[in-house]
1. Just add up the charged neighbours of E60: K/R +1, D/E -1, any other residue whose Cβ is under 13 Å from the Cβ of E60.
2. Could you tell me which label, among (i) 16.8; (ii) 19.9; (iii) 18.7, carries the value of Kirkwood radius over Cα pairs in Å calculated for this structure?
3. Considering only Q22, A32, G98, whose Cα is most displaced toward the positive end of the charge dipole of the chain, charges sitting on Cβ of Lys, Arg (+1) and Asp, Glu (-1)?
4. How much accessible area per residue does the chain have, counting only protein heavy atoms and a probe of 1.4 Å, in square angstrom?
5. Let me check I've understood the local charge: for L21, count other residues with C-beta under 13 angstrom from its C-beta, Lys and Arg +1, Asp and Glu -1. What total comes out?
6. At 0.36 nm per residue, and after removing the present C-alpha to C-alpha distance, how many nm does the segment from T75 to K6 gain when stretched out fully?
7. Do the alpha carbons of any pairs in K6/K118; K16/K103; K6/K103 sit beyond 28 Å of each other, and which pairs?
8. Mean-square fluctuation check for the chain, GNM, Cα pairs under 10 Å: which of A136, A72, A33 is largest?
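The values are calculated or read from the model by the stated rules, or taken from the named source; none is laboratory data. All values derive from a computational prediction rather than experimental measurement. Cβ placement follows ideal geometry from the backbone for every residue including glycine, while neighbour counts extend to all protein chains displayed. To get the accessible areas, we keep the full protein, side chains included, count just its heavy atoms, and leave off ligands, DNA and RNA. Shrake-Rupley method; radii C 1.70, N 1.55, O 1.52, S 1.80 Å.
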Amino acid sequence: MADTQKQYITPEMKAKLEAELQALIDNRPVVAAEINERREEGDLKENAGYDAAREQQDQEEARIKQISELLANSTTERTGVVEGVAHVGSVVHVYYDGDENDKETFLIGTRAASTDNKDLETYSENSPLGAAVVGASEGETRTYTAPNGREISVTILTAEPYDSVKASTPRA
């Protein structure tokens with residue numbers, strides 16, 4: 001049996017997904033009642049209301065499955081994430097190509113890990129940038145190839161475990 005590594009998601013995203021899942025589950029009886037009501041209208045071949053209700057049910061069930069799988073395969077734990085080293089679950093402050101004015105702050109994780117903080121981008125550990133910085137220490141410079149083929153150097157200013165309070169405060 002293969003040991004699957006769980007993907008990191010922020011506690012806020014976990015709560016958001018759990019709330020969406022519960023809302024979808026709570027809506028199941030409403031959708032089922034709509035289907036039954038439309039079924040009683042008669043001929044199902046030409047019943048647009050019935051078709052729409054069935055499509056809504058299919059979409060909601062697919063989303064329930066998607067969220068359930070995401071939650072089952074994710075964690076809010078950041079085992080191995082330490083101050084000063086970039087890991088999945090770290091907020092990383094960097095600058096590019098030796099230009100200390102070209103700074104960026106981002107979270108390393110999956111898109112599902114993202115936060116409601118519009119100023120905090122999330123990069124996958126499998127993206128060129130994410131793969132380049134994972135395991136890098138503060139002050140270390142690494143290079144990666146951008147999708148356009150350009151070589152880019154990135155220097156880690158700081159790397160710290162994700163904290164929703166700190167993450168919501170932009171750094172200069």
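1. -2
2. (iii)
3. With unit charges placed on the Cβ atoms, the residue in question is G98.
4. 60 Å²
5. -1
6. 24.2 nm
7. K16/K103; K6/K103
8. Taking springs between Cα atoms under 10 Å, the residue moving most is A33.
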